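Structure, as structure tokens:
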Amino acid sequence: MSMTMRWSVLASAVLLSQSGNVQAQQVPQAPEMTFFVASTGPGKGADLGGLDGADRHCQQLAQTAGAGSKTWRAYLSTNAAGGAVNARDRIGNGPWQNAKGTVVAQNVDDLHGDGNKLGAQTSLTERGTIVAGFGFTPNYHDILTGSQMDGRAFPGNLNLTCNNWTSSTFGAAMVGHIDRRGGADTVFQRSWNAAHMSRSCSQDDLRATGGNGLFYCFAQ
């Protein structure tokens, strides 16, 4: 191998090493974070692999941000025949803070009350970034919850969880507005967890009504 070729190989190796380091540093580390919005969904609409699949997704995203030592749960309700699961009962006791250290709620009652601090500037992803909301193109402010405003599941005869988060074709999903804004100034448009139903359950259907298959993650 000529000297020129040796230098070329060495330079390429250095560049690859630097590139890998940059990629590893892309997600800011927030080990004290206890709340975030998933920056991406699994990519199959509202089919999240059930509650277990959604929880794993939260855990994996938290791991990338240095908060993987905590136990993470998706804020999702289900109403299967075997018994309802309320989102509010899955997420621990609080308090919860975002990637920037802002406390968004002190406890479960505070989270579901008028005094919580959830909104466009505080409901951040695990990367500490804002989710594009009302007025943006595209608009991704719809957040999957399958929940009523008090954080509880709907009656079993209503499929507002896309078959308990296992289907991208059957049913619809109740969603909240991450930015608490919409086309009208109503209590529903301002709701972070129960604004309206999605058109259906596929990725395209979620996008059609202003979403992208995202959901809230809380550390227990």
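The values are calculated or read from the model by the stated rules, or taken from the named source; none is laboratory data. Note that the coordinates shown come from a computational prediction; the quantities given were computed from them, not determined experimentally. Cβ placement follows ideal geometry from the backbone for every residue including glycine, while neighbour counts extend to all protein chains displayed. Remember, those area values only see protein heavy atoms, side chains included, never the ligands or the DNA or RNA. Shrake-Rupley method; radii C 1.70, N 1.55, O 1.52, S 1.80 Å.
Worth pointing out:
- Of all residues in region 126-157, exactly one satisfies the criterion of being at pLDDT below 95 and aliphatic (A, V, I, L, M), namely ALA132.
- Among the residues of region 65-77, those that are open to solvent by 10 Å² or more (accessible area, probe 1.4 Å) and over 14 Å from the mean Cα position of the chain (by Cα) comprise GLY66, GLY68, SER69, LYS70, THR71.
- Check on ASN107, open to solvent by 60 Å² or more (accessible area, probe 1.4 Å), modelled with pLDDT of 95 or more and closer than 20 Å to ALA74 by Cβ: yes
- Against the criterion of being outside any strand (DSSP E or B) and over 17 Å from SER39 (Cβ atoms), PRO138 does not qualify.
- Filter result for SER200 (open to solvent by less than 40 Å² (accessible area, probe 1.4 Å) and either under 25 Å from GLY83 (Cα atoms) or not acidic (Asp, Glu) (or both)): yes
- Complete set of residues in region 123-145 that are within 15 Å of the chain's Cα centre (by Cα), among the β-branched types (Val, Ile, Thr) and open to solvent by 30 Å² or more (accessible area, probe 1.4 Å): THR129, ILE130
- Residue satisfying all of: in region 161-177; in a helix (DSSP H, G or I) and of a type outside the set (Phe, Trp, Tyr); farthest from the chain's Cα centre (by Cα) among these: ASN163
- Tally of residues being on the phi > 0 side of the Ramachandran plot and modelled with pLDDT under 95 across region 169-192: 1
- Filtered residues of region 90-123 (kept if under 15 Å from MET149 (Cβ atoms), in contact (Cβ under 8 Å) with a residue 12 or more places away in the chain and not in a loop (DSSP other than H, G, I, E, B)): ALA105, VAL108, ASP110, LEU111
- Selection from region 204-220 of residues that are among the polar types (S, T, N, Q) and in a strand (DSSP E or B): ASN212
- First in region 185-210 and β-branched (Val, Ile, Thr), second anywhere and open to solvent by 80 Å² or more (accessible area, probe 1.4 Å), Cβ under 6 Å, 6 or more apart: THR209/ARG199
- Some residue of region 178-191 being touching a Ser or Thr at 6+ places or on another chain (Cβ under 6 Å), open to solvent by 10 Å² or more (accessible area, probe 1.4 Å) and either under 29 Å from PRO31 (Cα atoms) or not in a strand (DSSP E or B) (or both): no
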